[in-house]
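Right, one structure below, let's go through it.
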Amino acid sequence: MRVLVVGSGGREHAIVWSFSRSRDVEKIYCAKGNAGISELAECVNIGPEDVAALAEFAEEQAIDLTFVGPENSLAAGITDEFESRGLKVVGASKAAARLESSKSFAKDFMSRHDIPTADYAAASSSEEASAILNSGRFGGETDPVVVKADGLAAGKGVIVARDRKEALEAVESLCAGKIVSAEAADTIVLEECLLGKEVSVILFADGESFALMPPARDHKRIGEGDTGPNTGGMGVVTDPQLINEAQKREIIAKIVRPTLDGARSEGFPVKGILFLGLMMTDAGPKVLEYNVRFGDPEAEAILVNLESDIAEISSAIVGGTLGDTIIQWKEGSSACVILASENYPSSPRTGDRIEGLESASKHENVEIFHAGTSFGDDGELVTSGGRVLAVTAIASNLSNSLHRAYKAVNEISWPGMQYRRDIGK
Ligand code: AMP
Ligand code: GLY
């Protein structure tokens, strides 16, 4: 099998790594890839949204299967383009990607299908949003409320405001294009603030059947103790105990099944990956967000647990036979700690030389996935993005996997490197 992976972060390194372990895979390309990915795949300089160029490349190179990492590629219609040319691709269609690319679309979809989620309102101007907040619909002046940009914003378009004043300020900043692009903020979504523990439930889906992956927990804030601004994710743990059997059944019955059936009935079956960001509230699980792709760093933490062959799973997704496919996972837990550059998430400094990676990579049961790395002038490894490395470990239980991951982290350094010491705590 000749495989193309689209994307260039830690998630895509983990996807490439999984394919590299398959007996059926002979050659892997990655567009665009990064320094770490280049050890396992041939990197191709085509951007994720250039879907026509990617399809031409796949035709020229006789690619058997393409696996899409990032949401912008899916929202740009890569799956529709590939399928129209008879190319096999794992990823949501443009129509299904709206579950992620428009929060108001997702909210309306959930309300049509009675899928539990936070109460919400959409507004098309800062005046309208402010008027809704001031009406008290989401609580009094001292109550928290969540303000979101409608469109794709790489995890940065959500502000959990502590009170109405903060919420009104968030509306102003979003509408002024200060936090995300003006396009992403053309509609503002206001939401009731939910309380509970968050858990990410990700599944493979072939439009009809699905297979759950081990549940994961992200750590979105930059600072320890969940402080500071949201990031793309600073660390993830997977552990079977994040949800119990009863909760799992409830999530399937009230959220997974209605989502897949609802999408199919509306003419956009979800194929590829479906990611449910859930809040486990006193009133049961509620959807915070849908993504139609692997999370990053959820992919890193989850894929190290996969025993089955990702090429076989991919073929089952494309062929609609996921229901007949048995997928096996390792039994323990995993931990992934993100090492980020100075000033991430606002304006990360890049170009710093990374030390200690070679010895850190030799630790047993540790995989280090590259997110933002490249080669410097002398061929040395340097930082090239906000999130730089995803240090991932597996063990029979969570505390051992955390211990292993942090032991490897301790060997790595560059000027200004930052990470959270409280992942999994
Ligand atoms: P989202 O991108 O919509 O998942 O939001 C990013 C993060 O903001 C989530 O992981 C939550 O931590 C938080 N968040 C989003 N919506 C809500 C909500 N309605 N109530 C409480 N927290 C929320
Ligand atoms: N880590 C969260 C995300 O990828 O959306």
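Quick one: 3J(HN,Hα) in Hz for segment 51-62, Karplus 6.51/-1.76/1.60 with θ = phi - 60°, rounded, Gly and Pro as x.
With coefficients 6.51, -1.76 and 1.60, one gets 5, 5, 5, 5, 5, 4, 4, 4, 5, 4, 8, 6 Hz.
Which Cα, out of Gly196, Val388, Phe375, lies furthest along the positive dipole direction of the chain (beta carbon charges, K/R +1, D/E -1)?
In the chain, that residue is Gly196.
Using +1 on the beta carbon of Lys and Arg, -1 on that of Asp and Glu, and nothing else charged, what's the dipole of segment 16-157 about the Cα centre, debye to 20? Intermediate results must be reported in sequence, preceding the final value.
Numbers: 14 positive and 23 negative charges, 59 e Å.
That gives a dipole near 280 debye.
How much length, in nm to one decimal, is gained on full extension between Thr281 and Ala53, taken as 0.36 nm per residue of separation minus their Cα-Cα distance?
Details: separation 228, 0.36 × 228 = 82.08 nm, distance 4.46 nm.
Result: 77.6 nm gained on full extension.
Quick one: what are the phi-derived ³J(HN,Hα) couplings along segment 190-202, Karplus 6.51/-1.76/1.60 with θ = phi - 60°, whole Hz, x for glycine and proline?
10, 9, 4, 7, 8, 10, x, 9, 8, 8, 9, 10, 10
Assign unit charges at the C-beta atoms only (+1 for Lys and Arg, -1 for Asp and Glu), then state the dipole size of segment 7-88 relative to its Cα centre in Debye, rounded to the nearest 20.
On the way: 7 positive and 15 negative charges, 73 e Å.
In total the dipole reaches around 360 debye.
Suppose the chain between Arg137 and Asp163 were pulled fully straight at 0.36 nm per residue; how much longer would it get relative to their current alpha carbon spacing?
Working: separation 26, 0.36 × 26 = 9.36 nm, distance 1.32 nm.
8.0 nm is the gain from fully extending Arg137 to Asp163.
For segment 282-425, build the charge dipole from Cβ charges (+1 Lys, Arg; -1 Asp, Glu) around the Cα centre, then report which of Ile310, Tyr290, Ser399 sits farthest towards its positive end.
Farthest towards the positive end: Ser399.
Rank these for me by crowding, Val44, Val180, Val304, going from fewest to most other beta carbons within 10 Å. Spell out each step's value before the answer.
Values: Val44 17, Val180 20, Val304 23.
Ordered by Cβ neighbours within 10 Å, fewest first: Val44, Val180, Val304.
Translational diffusion coefficient, Stokes-Einstein: compute it for the chain using the Kirkwood radius over C-alpha pairs as Rh, at 25 °C and 0.890 mPa s, and state it as an integer in µm² s⁻¹. The partial results should precede the final answer.
Working: Rh = 21.8 Å.
Rounded to a whole number, D works out at 112 µm²/s.
Suppose R0 equals 51 Å; then what is the FRET efficiency for Asn45 and Asn244 from their Cβ-Cβ distance, rounded to the nearest 0.05?
Working: r = 47 Å, r/R0 = 0.91.
For R0 = 51 Å, the calculated efficiency reads 0.65.
Would you list Arg387, Arg421 from fewest to most Cβ contacts within 10 Å?
Least crowded to most crowded, the residues run Arg421, Arg387.
Rounding to the nearest 20 debye, state how big the charge dipole of segment 312-425 is about its Cα centre with +1 on each Lys and Arg Cβ and -1 on each Asp and Glu Cβ.
Working: 10 positive and 14 negative charges, 98 e Å.
For this selection, approximately 480 debye.
Can you find, among Ser20, Asn72, Ser93, the residue sitting farthest towards the positive end of the charge dipole of segment 6-146, where Lys and Arg contribute +1 and Asp and Glu -1 at Cβ?
Value computed over the given set: Ser20.
Values quoted throughout were computed directly from the atomic coordinates according to the rules given, and no laboratory measurement underlies them. Since the structure is predicted, the reported quantities are computational estimates derived from the model, not experimental observations. Reconstructed Cβ throughout: ideal geometry from the backbone, glycine too, with neighbour counts over all protein chains shown.
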